[in-house]
1. For region 74-141, list log₁₀ I(q)/I(0) at each q in 0.12, 0.17, 0.19, 0.22 Å⁻¹, using the Debye formula over Cα point scatterers of equal strength and ignoring solvent, two decimals each.
2. Any idea what log10 I(q)/I(0) is at q = 0.13, 0.20 Å⁻¹ for the chain, Debye with uniform C-alpha scatterers and no solvent?
3. Where does each of Ile115, Ile146, Ile151 land when they are ranked from fewest to most other beta-carbon atoms within 10 angstrom?
4. Between Thr61 and Asn134, what length comes free when the chain is fully extended (0.36 nm per residue of separation minus the Cα-Cα distance, one decimal in nm)?
5. With the crude spin-label approximation of a point 7 Å out along Cα→Cβ, what separation in nm comes out for Ala170 versus Leu126?
6. Given the -39500 (n - 2.57) contribution per DSSP H run of 4+ residues, what per-residue ellipticity at 222 nm results for the chain, rounded to the nearest 500 deg cm²/dmol?
7. Using Cα pairs under 8 angstrom and six or more residues apart, how large is the relative contact order of the chain, in percent?
8. Test of understanding: extend the Cα→C-beta vector of Val144 to 7 Å, then name every residue of region 105-130 with backbone N under 14 Å from that spot.
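Bear in mind these aren't lab numbers, they're just calculated from the coordinates by the rules spelled out. Keep in mind that what you see is a predicted model, and the values were worked out from it rather than measured. Cβ atoms come from the backbone with ideal geometry, glycine included; neighbour counts cover every protein chain shown.
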Amino acid sequence: MNPDTSLANHRLQRRSRLGALACRIVGGAIPALLLATWVIGDAPVAALSRLGQPPDHMLSTTQLVLATALSLLPALALARALFGIAGCFDCFARGDWFGPGQPRALAVAGRWLLISGVLALMVPTLLGLVLTLNAAPGAHVLAVSISSNGILAILFGTLLWALGQIWAVAHSIATENAQFV
């Protein structure tokens with residue numbers, strides 16, 4: 001093997017280990033930090049403010065639990081996508097450049113990123129409904145929110161999912177062709 005290629009492979013493996021670690025850290029931190037803002041932070045007040053509700057609007061425990069759970073859904077889906085990407089990086093870190101694990105991991109990441117994007121578009125509307133369930137008559141909120149982040153997550157998720165499936169087909173064809181040689 002060419003020494004330059006060996007050095008480049010070593011660097012790529014090291015970067016892949018770091019990439020996998022970063023994906024896992026961020027994938028764990030996003031839902032944890034979001035949960036913390038609902039439990040000990042000001043997420044309920046901020047959400048009510050965005051909905052045009054007074055800061056003293058009382059929320060029931062059920063509303064708070066439901067709102068927290070709803071807001072966690074896109075974050076958990078994103079975390080799952082990041083753990084899928086970490087799996088792809090893990091294969092690269094082992095020097096496995098064209099194995100069957102990467103296409104699966106990439107497809108999983110794409111699928112969960114797409115789900116995260118769909119949830120990111122749906123959850124704000126559902127949060128508005130949940131947080132204003134006990135509002136005064138005429139103060140209930142049905143707000144539809146369209147976010148470029150959600151749309152981009154859907155598009156990139158679909159792309160990664162498709163690339164993972166295409167890569168799996170390419171791997172299958174390469175494996176079959178290698179048996180003939």
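1. Debye intensities relative to I(0), on a log10 scale: -0.46, -0.65, -0.72, -0.84.
2. -0.76, -1.26
3. Numbers: Ile115 20, Ile146 9, Ile151 13.
Starting with the residue having the fewest Cβ neighbours, the order is Ile146, Ile151, Ile115.
4. Numbers: separation 73, 0.36 × 73 = 26.28 nm, distance 1.18 nm.
In short, 25.1 nm is gained.
5. The modelled label-to-label distance comes out at 3.6 nm.
6. Details: 5 runs with 142 residues, N = 181.
-28000 deg cm²/dmol, from helical runs alone.
7. On the way: 223 pairs, mean separation 44.0, N = 181.
Contact order relative to length: 24 percent.
8. Residues 121-126 fall inside that zone.
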